[in-house]
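So the structure is just underneath, and the comments pick up after that.
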């Protein structure tokens, strides 16, 4: 199924369809302010496992992020932050950044990385924001990408092509128009770290 939503003014009924799909344990493809992403509710372990299989990995080895609706929700899923790190997050979010943070007790261990961290985002996209605003919990997400003929990572930006490739593996593709092809900037704020580990769409100096 493909659902077209105009990002300038997301329609309530269309957004509700997406939310119902997620609340029933479905996997969707949704636009963010960077790449299109596979996403599902963090309440459904089987959906997260399916999403890992789509990416060709296992739940234990997968690198997922949490999509949160705002900084307040994000802070519920991390350990307490220093004043410096919190100020940095306030300056960057919502926006095209992924912050690697020490996972709080609200995040099941199976979703955490080996060093008990997880990437967290607050995307600045009207569609993803509208969906997250209707949900009571964040989404588990990972970017939509494939390997091209040169065995290099290729990010998919056309929702119709995404639907053609993955419609038999996901429950819904949300068409928000042609997406970005640049991933988020990743900032490691875990433990005593504060460093940029990947430069992407977001510009920042630390």
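Structure values in brief
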| read-out | value |
| --- | --- |
| Answer residue from region 150-162, given it is part of a loop (DSSP other than H, G, I, E, B) and out of contact with any strand residue (DSSP E or B) (no Cβ under 8 Å at 6 or more places or on another chain) and is modelled with the lowest pLDDT among those | 151 |
| Looking only at region 62-92, and only at residues there that are surrounded by fewer than 11 Cβ atoms within 10 Å (Cβ to Cβ) and under 30 Å from residue 52 (Cβ atoms), the one that is modelled with the highest pLDDT | 72 |
| Qualifying residue in region 180-191 (condition: exposed (fewer than 15 other Cβ atoms within 10 Å of the Cβ) and free of Cβ contacts under 8 Å to residues at least 24 places away in the same chain) | no |
| Residue 61 out of contact with any strand residue (DSSP E or B) (no Cβ under 9 Å at 6 or more places or on another chain) and more than 26 Å from residue 158 (Cα to Cα) | yes |
| Number of the exception - residue 110 against (1) exposed (fewer than 15 other Cβ atoms within 10 Å of the Cβ); (2) at pLDDT 90 or above; (3) part of a helix (DSSP H, G or I); (4) touching a helix residue (DSSP H, G or I) at 6+ places or on another chain (Cβ under 9 Å) | (2) |
| Flag if residue 165 is assigned to a helix (DSSP H, G or I), farther than 19 Å from residue 72 by Cβ and within 14 Å of the chain's Cα centre (by Cα) | no |
| Residue match in region 5-15 (condition: surrounded by fewer than 22 Cβ atoms within 10 Å (Cβ to Cβ), within 19 Å of the chain's Cα centre (by Cα) and free of Cβ contacts under 8 Å to residues at least 40 places away in the same chain) | no |
| Unique residue being under 25 Å from residue 70 (Cα atoms), surrounded by 13 or more Cβ atoms within 10 Å (Cβ to Cβ), at pLDDT 95 or above and in contact with a strand residue (DSSP E or B) (Cβ under 9 Å, 6 or more places away or on another chain) when the list is 127, 118 | 127 |
| Hits in region 182-199 - residues which are assigned to a loop (DSSP other than H, G, I, E, B) and under 15 Å from the mean Cα position of the chain (by Cα) | 182, 183, 184 |
| In region 43-58, residue surrounded by the fewest Cβ atoms within 10 Å (Cβ to Cβ) [restricted to those that are touching a strand residue (DSSP E or B) at 6+ places or on another chain (Cβ under 7 Å) and at pLDDT 90 or above] | 54 |
| Residue in region 131-143 that is without any contact (Cβ under 8 Å) to a residue 24 or more places away in the chain, surrounded by fewer than 17 Cβ atoms within 10 Å (Cβ to Cβ), outside any helix (DSSP H, G or I) and under 17 Å from the mean Cα position of the chain (by Cα) present | yes |
| Hey, residue 34 within 20 Å of residue 184 (Cα to Cα) and touching a strand residue (DSSP E or B) at 6+ places or on another chain (Cβ under 6 Å) or not | no |
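The values are calculated or read from the model by the stated rules, or taken from the named source; none is laboratory data. Computed from a predicted structure; not experimentally measured. Reconstructed Cβ throughout: ideal geometry from the backbone, glycine too, with neighbour counts over all protein chains shown.
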